[in-house]
Each structure stands twice: as C-alpha cells, then as structure tokens.
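What follows is a short report on a single structure.
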Amino acid sequence: MCPVLGHLDGRFESADAEAEHRIAVLYQEFGGPLLRHVRKSTGNDLQWAEDVVQETIVRAWRNSARLQWEPSLIWAWLLTVARRIVIDGRRRKSVRPQEVEPPEVDMMSVPDGSERALSAMVVADALRSLSEEHREVIEQTYLRDRTISEAAEILGIPPGTVKSRLYYGIRALRELLRDKGVAG
C-alpha cells in the first residue's frame, strides 16, 4: 500500500473534510505522473494536459465517496477518466471549427476598384495612341470578344490581315504600356 494513501483510513471531523484531504493527497501522489502520462495523449500540449489532469482530479473529488482508495485501483481509475476526457476533447475539436482571432480593422484592405479603373484609363489612353488599323482589330477581337473571322468580316479585310494587324497592334500596345510603367 502507498505510504501516503495508507494513512487515509483515520476518521475525520466530516465527510467533506475527509474527501478534501484525500483529494489533496491524491493530487500530491498522482498529479505529476498523471500529467506526464496525459501529455503524451494530448500531443505534448501542456495546457490541454493540465486541464485534463485538473478535470480528472475534480471528478475524483465528486466521486470520492464511491472510489476504492487502493493506490493501484485509484491509478487505473485516474488513467481511465483522463483518457475519456482526452477522447471527448478530441471529439469536440473535430466537430467545432477552429477559432481564429478576427483581423484588426486597421489591417484589413477594402477593395475600392480604383486600381482597376486607373489601369483601364491607362490602357484606353494607350489604345488611342495606336494606329487606327491596329486599334480596330484589337477592339473587335479583345474588347468585343469576336473571332478572327468575325472581325475580318466586320472590317472587310482578309483574316490573315486581321491576324497580322492584331500581332503588331498588341506588340505596340505592350511597348506603350511598358513605357508608361504599367506592363513588365
């Protein structure tokens, strides 16, 4: 029999005082080993392990009148209760979404569309700088989303000419945008 728990057979003034004394001795005797055991079960999460040990001791206090105070039986009871608490904790974590801190308002960016509007203005200005032939094929194919054949029919030129003007028009547009510092 455990030397610390062995003297618990003496009578106390009240059942509550006896239970409190038993729990104090129980924590003194088994708290450290139980914490080491539970840390392995919690993935070495010290805070969670301490919470589990505390809850296990509280349950021992609540059930102190029904427990058999034989050290090997108490140890087995503590391990079983702690294991169940860890399992319940894992289940709770798996069904509840992970909590996150809301971002600070000062840190949040609010899209205002100004960047897109500014880019559209720069591209429109660059398009105006192109020759009429290049601008027309870019407008028909990119801005109006027409095929090469459709653009050729609307403009009244062969598809090969549309392709050629489109190639050289896009190349000129890229140069203009690069000069303005928009494209890389």
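Values quoted throughout were computed directly from the atomic coordinates according to the rules given, and no laboratory measurement underlies them. This one's a predicted model, so the numbers in the text were calculated from it and none came from an experiment. A quick note on method: Cβ atoms are made from the backbone with ideal geometry, for glycine too, and the neighbour counts reach across all protein chains shown.
For the reader, a short list of remarks on this structure follows.
- Furthest towards positive pole of dipole, Thr56, Ala117, Ser72, structure part the chain, Cβ charges: Ser72
- Unit charges on C-beta of K, R, D, E only; dipole of the stretch 66-184, Debye: 920
- Listed from fewest to most Cβ neighbours within 10 Å, the set His37, His21 follows the order His21, His37.
- A Cα-only calculation for the stretch 114-179 places Rg and Dmax at 12.3, 39 Å.
- By the helix-only formula, in which each DSSP H run with n ≥ 4 contributes -39500 (n - 2.57) and the sum is divided by residues, the chain has a 222 nm mean residue ellipticity of -22500 deg cm²/dmol.
- Cross-link partners of Lys180 among lysines (Cα-Cα below 30 Å; sequence separation of 8 or more within a chain): Lys163
- Among the trypsin sites (Lys or Arg not before Pro) within the stretch 118-184, those in coil by DSSP and having at most 11 neighbouring Cβ atoms inside 10 Å are Arg144.
- A quarter of the convex hull surface defined by the alpha-carbon atoms of the chain gives 20.7 nm² as the mean projection.
- Net charge dipole, the stretch 12-84: roughly 420 debye, given to the nearest 20, about the Cα centre with Cβ charges of +1 for Lys and Arg and -1 for Asp and Glu.
- Descending principal axes extents, the stretch 55-163, alpha-carbon based, whole Å: 101, 35, 15
- Crossing angle, helix 114-129 versus the chain [Cα axis fit, 0-90 degrees, rounded to tens]: 20
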